[in-house]
Amino acid sequence: MNHEEQYFQAFTAKSAAYITGLGIPGLRDIEEQAEGLFLEDVTAFIQLSGVIQGGVILTVDHSLAGALAHKFMLEDITEEEAAQYGVEVVAEIANVISGNALTDRDEHDIFLGAPLVIVTKKAELRSKFSNFFVKRFQTDSGNFYCIYIPSQNKSELARILAI
């Protein structure tokens, strides 16, 4: 297993554990492969450098982003506040998960960039490289996907989103 596969496996395992640990019930894999690769409503992208060149994406639908905000915040919040905070919470969760995925490595040879947050409906991911890694999950509160996108050069990551 190469460095990209190892990191992605850790990223998906930490994602599932973190979402479940927040108290989001009903976590299960989505087995069927959708046609094309589309983002959900709220997406956090974190660039990776070092032994891995690329980026990881945590993308969640609107209802799950709100549920995560309710679970993540220390005090009770309204539905309106949950919708507002959901974007920031998804970015923070992606950042924590990305860092936690590094703790399984003996070597410290992968470096994380700051999360980039994208709010859109059904943006399509495009890349000239076909070796994406995708893991789709469903919860009782909504769907989320973990995606790894390799990059052969820095300008490739800037061209990945086609909104």
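The values are calculated or read from the model by the stated rules, or taken from the named source; none is laboratory data. Quick caveat: nothing in here was measured; it's all calculated off a predicted structure. Cβ: placed from backbone, ideal geometry, glycine included. Neighbour counts: every protein chain shown. For the accessible areas, the whole protein counts, side chains as well, though only heavy atoms, and no ligand, DNA or RNA atoms are used. Shrake-Rupley method; radii C 1.70, N 1.55, O 1.52, S 1.80 Å.
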Would you point out which residue out of GLU32, GLU81 is out of contact with any Pro (no Cβ under 8 Å at 6 or more places or on another chain), without any contact (Cβ under 8 Å) to a residue 40 or more places away in the chain, more than 15 Å from GLN138 (Cβ to Cβ) and surrounded by fewer than 16 Cβ atoms within 10 Å (Cβ to Cβ)? GLU81
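So that you can scan it fast, the table gives a plain yes or no per residue for (1) modelled with pLDDT of 90 or more; (2) over 16 Å from the mean Cα position of the chain (by Cα):
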| site | (1), (2) |
| --- | --- |
| ASN2 | no, yes |
| ASP29 | yes, no |
| VAL42 | yes, no |
| ASP76 | yes, yes |
| VAL90 | yes, no |
| SER98 | yes, no |
Report yes if ALA65 is surrounded by 22 or more Cβ atoms within 10 Å (Cβ to Cβ), in contact with a Gly (Cβ under 8 Å, 6 or more places away or on another chain) and not acidic (Asp, Glu), otherwise no. yes
Can you run down the residue pairs with Cβ atoms below 6 Å, 6 or more apart or on separate chains, where the first is in region 101-116 and farther than 26 Å from VAL42 by Cα and the partner is surrounded by 12 or more Cβ atoms within 10 Å (Cβ to Cβ)? ASP104/ALA10; ASP109/GLY50; ASP109/VAL51
Assuming THR103 fulfils every condition listed in (1) at pLDDT below 90; (2) open to solvent by 70 Å² or more (accessible area, probe 1.4 Å); (3) within 20 Å of PHE137 (Cβ to Cβ) apart from one, which condition is it? (3)
Residue satisfying all of: in region 112-134; in contact with a helix residue (DSSP H, G or I) (Cβ under 9 Å, 6 or more places away or on another chain) and either aromatic (Phe, Trp, Tyr) or at pLDDT below 70 (or both); most open to solvent (accessible area, probe 1.4 Å) among these: LYS128
Which numbered condition in (1) open to solvent by 90 Å² or more (accessible area, probe 1.4 Å); (2) over 16 Å from LEU68 (Cβ atoms); (3) in contact (Cβ under 8 Å) with a residue 24 or more places away in the chain is the only one that GLU88 fails? (2)
